[in-house]
Amino acid sequence: MNTRRILAVILVAALAVSLAAPASAGVYVPDTWYAHVTVTLNQRMATRTGPGTQYDEPGSFFSAGTRVTALSRAYDPYNGIWWVQVEFTYGGAYYRAYTGAKRFSDLNLDDLPEEQVLGTVYAPARMTGYYGPTPAFKRIARDIPADPQRDVDIIAVSSEAGTDYYQIECYDPDMGCYRRAWVPREAGGMSREYFYSDYEDVYWPGDTQVPSAPPGQLLLFLLLRGQELARGHRLPGAFQQRPGENRPRHGV
């Protein structure tokens, strides 16, 4: 399908969605949305910063019988398994990380909400990240490198400590893998925030009024994303193999 045809199809779809979508959609506040279910490990807990083996590794923690807090679930289509985002304390530091659902003996996946990519934000500068949405969580040892061309995926938002944080996902060419981290909203020169239609009314808990989606914002977003698709760029939330990347593997 040529570029003009791709853009034409996306334009028609964007118009249909923008006409059909209500002006006010869902509200997403992660720390009330997360499940906070206590679960028990049946083996040592290997972790990743995101739900797949294509993400970097914080490390392995604890042993069978240890109880941790499960927050959410995310499906890994490359290994065909579910991952669970967990929160725990280790060595006096707070963490949020992901591990395979098989590592829990008493987990019911239906008790956990399923994650979705909320949107994207332009973040060209170097960023310091944390393992959770406040500086109380352990700081990630390696900063996320600067990239003046980068749009990063927004996985979650939070305002726990009076500062707005995004959980972001991006590819790190220096490490050769994908990474997730929590960063302050004002970090990295962030701008050009786009939220998908289901999460158009993402707001911060401190806001006095829930904003409504400006008319035409979704249409503009889809047209911009359509141009990226026509040029062969990676769409938000879609894992695409690049030269030098770690390939997903089994045995997670």
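The values are calculated or read from the model by the stated rules, or taken from the named source; none is laboratory data. No experiment lies behind these values; they were computed from the predicted model shown. Note: ideal-geometry Cβ built from the backbone for every residue, glycine included; neighbour counts use all protein chains shown.
When residues in segment 159-176 are screened for being among the polar types (S, T, N, Q) and modelled with pLDDT under 85, 2 of them pass.
The requirement of being buried (at least 16 other Cβ atoms within 10 Å of the Cβ), out of contact with any helix residue (DSSP H, G or I) (no Cβ under 7 Å at 6 or more places or on another chain), touching a residue at least 40 places away in the same chain (Cβ under 8 Å) and not assigned by TED's automatic domain parsing to the domain that holds residue 45 is not satisfied by residue 100. Evaluate segment 189-199: report whether one residue or more is part of a loop (DSSP other than H, G, I, E, B), charged (D, E, K, R) and either at pLDDT 85 or above or farther than 18 Å from residue 55 by Cβ (or both). Among the residues of segment 189-199, not one is part of a loop (DSSP other than H, G, I, E, B), charged (D, E, K, R) and either at pLDDT 85 or above or farther than 18 Å from residue 55 by Cβ (or both), which makes the answer no. One residue stands out among those in segment 67-118 that are in a loop (DSSP other than H, G, I, E, B) and of a type in the set (S, T, N, Q): the one that is farthest from the chain's Cα centre (by Cα), which is 105. Quick check on this structure: which one of 52, 91, 59 is surrounded by 15 or more Cβ atoms within 10 Å (Cβ to Cβ) and either modelled with pLDDT under 95 or closer than 23 Å to residue 175 by Cβ (or both)? Exactly one of 52, 91, 59 is surrounded by 15 or more Cβ atoms within 10 Å (Cβ to Cβ) and either modelled with pLDDT under 95 or closer than 23 Å to residue 175 by Cβ (or both), namely 52.
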